[in-house]
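The values are calculated or read from the model by the stated rules, or taken from the named source; none is laboratory data. Predicted, not measured: the structure shown is a model, and the values here were computed from it. Ideal geometry is used to build each Cβ from the backbone, glycine not excepted, and the neighbour counts take in all protein chains shown. What goes into the accessible areas is simple: the full protein's heavy atoms, side chains included, and nothing from ligands, DNA or RNA. Shrake-Rupley method; radii C 1.70, N 1.55, O 1.52, S 1.80 Å.
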Amino acid sequence: MEIRFEPRQVLKEKPQGPLGFGKYYTDYMFMCDWDADQGGFHDARIIPFGPIELDPATMVLHYAQETFEGLKAYRTADNKIQLFRPEKNAKRFANSNERLSMPQVPEEFFVQAIRELVKVEKDWVPQNEGESLYIRPFMFASESAVGVHPAVSYKFMIILSPVGAYYPQGMAPVKIWVEDDYIRAAPGGTGFTKCGGNYAGSLKAQEKAEEKGYTQVLWLDGVHKKYVEEVGSMNVMFLIDNEVWTAPIDGTVLPGVTRDSILHLLSDWGYTIREEHLAIDDLMAAAQEGRLQEAWGTGTAAVISPIGELYYKGTATQINDFKTGELTQKLYDTLTGIQWGKLEDPYHWTQVVE
């Protein structure tokens, strides 16, 4: 699809010093409309970043037809800019949209829009260690109507933000509260999608964990409140007796791009991978018996977050003496090495933006 460009008169000053996460935004954003009466997607454009006007009756504000994605652009040592597996985000975006009765963005168009916007904003891709350009595609119902039905118009947008580490402490182990009251997802729901409602519904449990001195929550399944699913907004993995356990992708767990990449690495390194339901009681027993060797969360924003402690039903158990494990560190170094172009990419996961 042809993408028109609307230049702005004055460019922003680039931020100086620590970037944080999601604090700064680039000069431009991508926008495209979808209307049923106009045959679908039309008027793709890159325009100056700024506020968008919404009617008070805009359906997304009332019925939450909204989906989003998250990926990054990286600057390599030889000054190339590359993306990491954007086609996987495109497929997941399409699956999220299908579940929420929203139009699916064709994979080629999704990737094209990202590449074109990043190309325009190439000077915003940071070059300091550990920094990258976070890419946030999203889509929402833009029809003005207070009635419960799939909207007939939508906006597909992309914004960019130069970022540092998601967690200020970096690759330091975190303390995790096992949540056995609130649930994140249930079979037949939207747990496998990236929609805003999933995240809004998780905030209460996160507040609860933080009040108790914990960084995030470990979610249990929504039926039995027995089986481990995700940690915060990340997939989670456990090294138990030299085997890696992680929840299966069966409708309640997000199919993470980082998760998939890590499972590829682990398989090539010869690890047995158990994509199975793991009961929290069995996990805590393994931790207390010293068989839980390492644990970590995985996701685009933080890449890998080591877990140093689990708290469940009055018992706090440390993992690996609250130190980042050898395998956790190796996974982080390998994956970020590929993303930043420091290591060879034998999987053809990266795409250079030219």
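Accessible surface computed residue by residue for segment 200-302, with neighbouring protein chains in place and a 1.4 Å probe, gives 40 Å² per residue.
Within the chain, the longest run free of trypsin sites (Lys or Arg not before Pro) that sit in a DSSP loop with at most 16 other Cβ atoms within 10 Å is 81-211.
Using C-alpha pairs under 8 Å with a sequence gap of at least 6, the mean separation divided by the residue count of the chain gives a relative contact order of 18 percent. The charge dipole of the chain, taken about its Cα centre with unit charges on the Cβ atoms of Lys, Arg (+1), Asp and Glu (-1) only, comes to about 520 debye. Distance distribution note for segment 173-234: the fraction of Cα pairs above 20 angstrom is 19%. For segment 176-280, the average shadow cast by the Cα convex hull is 6.6 nm², which is a quarter of the hull's surface. Kindly state, to the nearest 0.05, the FRET efficiency for ALA77 paired with GLU53, given R0 = 51 Å and r defined as their beta-carbon distance. Between ALA77 and GLU53 the formula returns 0.75. Extents of segment 231-274, largest first, come to 27, 19, 18 Å (Cα atoms, principal axes, whole angstrom).
Scaling the Cα radius of gyration of segment 239-299 by the globular reference 2.2 N^0.38 Å produces a ratio of 1.13. You can think of it this way: the chain between ARG136 and VAL223 has 28.1 nm of extra reach, that is 0.36 nm per residue less the Cα-Cα gap.
Between segment 49-81 and segment 7-24, the alpha-carbon centres lie 16 Å apart. Total lysine pairs in segment 171-307 at Cα distances under 18 Å, for residues eight or more apart or on different chains: 6. Relative to the longest principal axis of the Cα atoms of the chain, helix 86-99 runs at roughly 90 degrees.
The magnitude of the dipole of segment 56-116, with charges of +1 and -1 set on the Cβ of Lys/Arg and Asp/Glu and taken from the Cα centre, is near 260 debye. For the pair segment 236-255 / segment 316-354, the C-alpha centres are spaced 17 Å from each other. For the pair ASP333 and LEU265 in one chain, pulling the backbone fully straight at 0.36 nm per residue adds 23.3 nm over the alpha carbon distance. Rolling a 1.4 Å probe over the heavy atoms of the protein chains gives segment 110-153 an accessible area of 42 Å² per residue. When all protein chains stay in place and ligands, DNA and RNA are ignored, the 1.4 Å accessible-area order of GLU294, GLU276, GLU2, largest first, is GLU2, GLU276, GLU294. Largest first, the three principal axis extents of the alpha carbons in segment 142-187 are 46, 36, 17 Å in whole numbers. Solvent-accessible area of the chain (1.4 angstrom probe, protein heavy atoms only): carbon and sulfur portion equals 48 percent.
Here the alpha carbons of the chain define both size measures, Rg and Dmax, at 20.8, 64 Å. What's the longest bit of the chain with no exposed chymotrypsin sites (Phe, Trp or Tyr not before Pro), using DSSP loop states and at most 12 other Cβ atoms within 10 Å as the test? For chymotrypsin sites (Phe, Trp or Tyr not before Pro) (loop position, at most 12 other Cβ atoms within 10 Å), the longest site-free span of the chain is 1-268. For the chain, a Gaussian network of Cα nodes joined below 10 Å ranks GLY314, GLY40, GLY197 by mean-square fluctuation, and the top entry is GLY314.
Normalised by 2.2 N^0.38 Å, with N the number of residues, the alpha-carbon radius of gyration of segment 1-119 equals 1.20.
Both radii come from the Cα set of segment 194-340: Rg as radius of gyration, Rh as Kirkwood radius; their ratio Rg/Rh reads 0.93.
Treating r as the C-beta distance of ALA36 and THR317 and R0 as 35 Å, the FRET efficiency rounds to 0.05. A simple spin-label model places pseudo-atoms 7 Å from Cα toward Cβ; at ASP241 and TYR199 they are separated by 3.9 nm.
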